[in-house]
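Each reported figure results from applying straightforward, stated rules to the coordinates on display, with no laboratory input. Treat the numbers as computed from the prediction; the structure is a model and nothing was measured. When we count neighbours, we look across all protein chains shown, and the Cβ atoms used for this are built from the backbone with ideal geometry, even at glycine.
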Amino acid sequence: MSFHKNEHFQVLKADKKSKARAGILKTWRGDILTPVFMPVGTCATVKALTMRDLTQSNAQIILANTYHLFIRPGHELIRQAGGLHKFMGWDRPILTDSGGFQVFSLSKMRKITDESVVFRSFKDGAKCEFTPEKVARIQEAFGSTIMMVLDECVKYPEVEKKAEIAVERTFKWAKRSYKEYEHIQQEHNGEFKNFMFGIVQGSVYKELRKRSAEQITSIPFHGYAIGGLSVGEPNELMYDVLDYTTDYMPLEKPRYLMGVGEVNDIIEGIARGVDMFDCVLPTRLGRHGALMTPYEKILIKNAAYRTDFTPIMPNCSCYTCKNFTRAYLHHLFRAEEILSSMLNSIHNVHFLVRLAELCRMALINGNFNEFYNDYKKGELNKYAF
RNA sequence: GGAGAGAUUCCCAAGUGGUCAAAGGGAACGGACUGUAAAUCCGUCGUCUUCGGGCUUCGAAGGUUCGAAUCCUUCUCUCUCCA
């Protein structure tokens, strides 16, 4: 296996009392300042948001999904379009998930072997087969700034034996993925600029997490993700797993906690050394009428907001909070107006992006501990979102 | 004036002798959502309850029946058509 020099990621500042750090991930599409929250745009759209909304929310990078885009419109069409960036009109970095999460979420309609995973298409039920190599090639066609390896994400709870099988399979697949990455690199005469991240599995078993982390980090990916969390386990358990898992991951590479996006999970994750987060929560909750704030969700459809002429958060500078009241958002939701999804999602995405940004600022200024304590004391609302 | 049709729990609307506190939909009230098969899904929705059940409802009043939202009588109101 060949190596690239680790110039693409730097830790700029590390907290003394926790494992939190602020860093910079340099991609050819632009720098990503970490900790970072990445909104999810599975089908090449962050639902209900325009690229302008995302830019205004300071989203530095967004996600898309290999499985969904493979099914529709197909990676060849996206290649034809000039790549995913051009296709969707987004020029900042894009991270594409591999379809590994669909191994978990579509478990009722898939068959997994060491060789590959076969899914039934959500669109028409047709069979589609994913191998680590194929998934890498699809993401190459997209031109994903960060491509993820195909992994096996197990459900929670899962017995240790099955979790172990998934760990071993994930490792085998990771090696095949990296090999394919090297092939792609050779085909581009070493000029291929997009990154590939590996994924650590192991469910909630310490020994498995350790083994998986050691296995995956033995491969020189540009970054390492922690997968298989936030799949239904209790929060404290997730923090425990996270705590010991990051201990087995190198300091000098970015760490990405996949699928996590509750306020407390992001802050606790950062404290445990996580640099990157992604989650569908802000957009899904937005569409479902739940507005995120530091300590509670505002269910905007509730009667209490019918005549509440205040913004969601007075200390939030998002377009929604600056211009509209809860009463108006309540009305839009009740009337099932499209603008409801849009304005709610704008707030939620802005809020989480900003939350990660506040953590980063605290880290850079050397007062993350104070920020963390404020969070614990219920005083996060004194910060400007 | 004549001939029909109809009135069901907030709204629409099933139900034509017991299995009916009464289908279904909407509204209302509450909840869930973590690498998106999600603009989705789930509760509650007459009333009281020691959760066993009790009590009051199907325009109104009487009646038939062991038993009525359902059958009969009268009344009230609404709608359609013809003069």
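Starting from the eigenvalues of the Cα gyration tensor, five times each then square-rooted, give me the equivalent ellipsoid semi-axes of segment A:278-385, largest first, whole Å.
27, 14, 11
Stretch A:THR307-A:LYS162 to full length: gain in nm at 0.36 nm per residue minus the Cα-Cα span?
Contour length minus Cα-Cα distance gives 46.9 nm.
With a point put 7 Å past each Cα toward its Cβ, work out how far A:CYS128 is from A:SER105 in nm, to one decimal.
Reported label-point gap for A:CYS128 and A:SER105 is 1.3 nm.
Where in chain A is the longest stretch that carries no GluC sites (Glu not before Pro) classed as loop by DSSP and with at most 15 other Cβ atoms within 10 Å?
Answer from the scan: A:8-114.
Would you compute, for the Cα atoms of segment A:90-147, the largest minus smallest coordinate along each principal axis and list the three values in descending order, in whole Å?
The Cα atoms of segment A:90-147 stretch 36, 23, 18 Å along their principal axes.
Taking segment A:1-50, which chymotrypsin sites (Phe, Trp or Tyr not before Pro) meet the DSSP loop condition and have no more than 15 other C-beta atoms within 10 Å?
In loop regions of segment A:1-50 (DSSP not H, G, I, E or B), the sparsely surrounded chymotrypsin sites (Phe, Trp or Tyr not before Pro) are A:PHE3, A:TRP28.
Would you mind checking A:LYS19/A:LYS322; A:LYS16/A:LYS253; A:LYS17/A:LYS297; A:LYS179/A:LYS253 for any pair whose Cα atoms are more than 23 angstrom apart?
Over 23 Å Cα-Cα: A:LYS19/A:LYS322; A:LYS17/A:LYS297.
Using all Cα-Cα distances in chain A, what percent lands in each 20 angstrom bin from 0 up to the longest?
29, 59, 12, 0
Using the Cα atoms of segment A:179-326 to build a convex hull, what is its mean projected area in square nanometres?
The orientation-averaged projected area of the Cα hull of segment A:179-326 comes to 11.7 nm².
Taking trypsin sites (Lys or Arg not before Pro) that fall in a DSSP loop and have at most 10 other Cβ atoms within 10 Å as cut points, what is the longest piece of chain A between them?
Result for the longest clean stretch: A:124-376.
Under 25 °C and 0.890 mPa s, how fast does segment A:1-67 diffuse according to Stokes-Einstein, given a Kirkwood radius computed over C-alpha pairs? Answer in µm²/s, whole number.
Approximately 174 µm²/s, per Stokes-Einstein.
For segment A:181-292, what's the relative contact order in percent, using C-alpha pairs closer than 8 Å and at least 6 residues apart?
Answer for segment A:181-292 is 21 percent.
Among bridges DSSP assigns within chain A, what percent are antiparallel (round to 5)?
45 percent
Express in nm, to one decimal, how much length is gained between A:ARG120 and A:SER218 on full extension, taking 0.36 nm for each residue of separation and deducting their alpha carbon distance.
This chain segment gains 32.0 nm when fully extended.
Hey, what did chain A get for relative contact order, percent, Cα under 8 Å, at least 6 apart?
It comes to 18 percent, rounded to a whole number.
What is the Å³ per residue value for the convex hull set by the Cα atoms of segment A:227-299?
89 Å³
Taking Cα centroids, how far is segment A:212-267 from segment A:93-140 in Å?
Here the two parts' Cα centres lie 22 Å apart.
Using the Cβ atoms and a cut-off under 13 Å, what net charge is assigned to the surroundings of A:ARG110, where Lys and Arg are +1 and Asp and Glu are -1?
Within the 13 Å Cβ shell, the charges total +3.
Which of A:ILE270, A:ILE338, A:ILE78 ends up with the largest GNM mean-square fluctuation for chain A, with Cα atoms connected below 10 Å?
A:ILE338
In chain A, which helices (entire DSSP H runs) extend 24 Å or more along their own long axis, judged by Cα positions, while averaging at least -1.0 on the Kyte-Doolittle scale?
TM-like helix candidates: A:338-364.
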